[in-house]
Amino acid sequence: MERSTVAAWPFDVRPLTPNLGARIVGVDLAQDIGDDLFRAIYRAFLRYQVLLFGPLDLPPARQVAFGRRFGEVQVHVMNQYHADGFPELYRLSNLDANGKPNGRHPDRGTMAWHTDGSWKRVTGQATIIYGEVVAGIGGDTEFCDMYGAYERLDPAWKARIENLRAVHNLDFSRTRRHGEDPMSAAQRLETPPVDHPVVRTHPETGRDCIYLGDHAEYIVGMPYDDGRALIEALNALAVHPDLAYAHRWNAGELLVWDNRCVMHRATAYDPFTQRRVVRRCTVLGEEPARQRAAPG
Ligand SMILES: [Fe+2]
């Protein structure tokens, strides 16, 4: 542990697993937070990859303001999900106008391991999710550490994927794999497939990690089926219980995670009997890149 070398935190940090995730206690995100406090939160975000706050009452405007501290906030192309007049927020709900479960899961794609926004050239940095209504059974959010996933690959796997690039495609993951409503022509035009390195270097920590997940469709320069098989195999290898954290929600909690170095998914719940509403804000990061040490 690096405990002795890290400056004291100005809040309580309670790790959620030996390595991944921490609960932050003693910060009131419903109030404006100062620059020093945000810098410490950001340092914890880089160290723990997943941060948990609350329960607290967090109005939509405060959630957007907190997101803007991290960087540019994404306005999602799937505009049917915009929440409370804030195009920066994306609400996933299975409730009808009377607050009753409508029997429809709002986005089944979230149940496969993925990283937010990997289907864009400039991908997701932080995702900030607030639990408004939480399911009594199911609807957990699970995380897996992609630094650890890369580090535990054997040398043959590392050599095999060293220079590969994967094409990520939202239309593939939503429509073809999960049977969601087809995207409109305009939405499809806005989201052409993009390629990213299979191993990326985190731009701030300098650590390498696997960057794949469910939006990854095929491998550049490889026959389609071979690329599919490689992606499926690597996605499965990347998820390991020793590297994972499963969050059982309480209403009013806020989760923040770093999409550059974790994959996540939601577990299933029964949309006919359970009520679940979360609102999400995604901060844009950068174009993923692999940095290699300069030769000699
Ligand atoms: Fe997601």
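Just so it is clear, none of the values below were taken in a lab; they were calculated from the coordinates. Source: prediction; values computed, not measured. Cβ coordinates were reconstructed from backbone atoms using ideal geometry, including for glycine residues, and neighbour counts include every protein chain displayed.
How large is log10 of I(q)/I(0) for region 65-178 at q = 0.17, 0.19, 0.21 Å⁻¹ when the intensity is taken from the Debye formula with one equal scatterer per alpha-carbon?
Each listed q corresponds, in turn, to -1.12, -1.32, -1.50.
What FRET efficiency would be calculated for the residue pair Arg160, Phe11, taking the C-beta separation as r and a Förster radius of 41 Å, to the nearest 0.05?
Working: r = 42 Å, r/R0 = 1.03.
Efficiency computed from Cβ-Cβ geometry: 0.45.
Just want the ordering: Leu16, Leu254, from fewest to most Cβ atoms lying within 10 Å of their own Cβ.
Working: Leu16 17, Leu254 21.
Ranked by crowding around the Cβ, least crowded first: Leu16, Leu254.
For the chain, what does the relative contact order come out to in percent, with C-alpha contacts under 8 Å and a separation of six or more? Mind showing how you got there, number by number?
Details: 605 pairs, mean separation 96.9, N = 296.
Answer for the chain is 33 percent.
Mind running the shape call on the chain? Use the C-alpha gyration tensor, a ≥ b ≥ c as the square roots of the eigenvalues: rounded below 1.5 for a/c, prolate if a/b tops b/c, oblate otherwise.
Numbers: a/c = 1.61, a/b = 1.10, b/c = 1.47.
Since a/c reaches 1.5 but b/c is at least a/b, the shape of the chain is classed as oblate.
Calculate, for Ala236 and Asp96, the FRET efficiency according to 1/(1 + (r/R0)^6) with r their C-beta to C-beta distance and R0 30 Å; round to the nearest 0.05.
Values: r = 37 Å, r/R0 = 1.22.
For R0 = 30 Å, the calculated efficiency reads 0.25.
Compute the distance in nm between two label points, each set 7 Å from the Cα along the Cα-to-Cβ direction, one at Asn250 and one at Arg152.
Calculated label separation equals 2.9 nm.
Which whole-number percentage describes the relative contact order of region 20-133, with Cα contacts under 8 Å and a sequence gap of 6 or more? Display every interim value, and only then the final one.
Details: 90 pairs, mean separation 21.0, N = 114.
Value for region 20-133: 18 percent.
Using the 10 angstrom Cβ neighbour count as an exposure proxy, how do Tyr269, Tyr90, Tyr42, Tyr224 rank, fewest first? Let's see the in-between values first.
Details: Tyr269 21, Tyr90 25, Tyr42 16, Tyr224 10.
With the sparsest Cβ surroundings first, the list reads Tyr224, Tyr42, Tyr269, Tyr90.
Using helices alone, I'd like the mean residue ellipticity at 222 nm for the chain: each DSSP H run of four-plus residues gives -39500 (n - 2.57), total over residue count, nearest 500. Working shown, then result.
Values: 6 runs with 59 residues, N = 296.
Computed ellipticity for the chain at 222 nm equals -6000 deg cm²/dmol.
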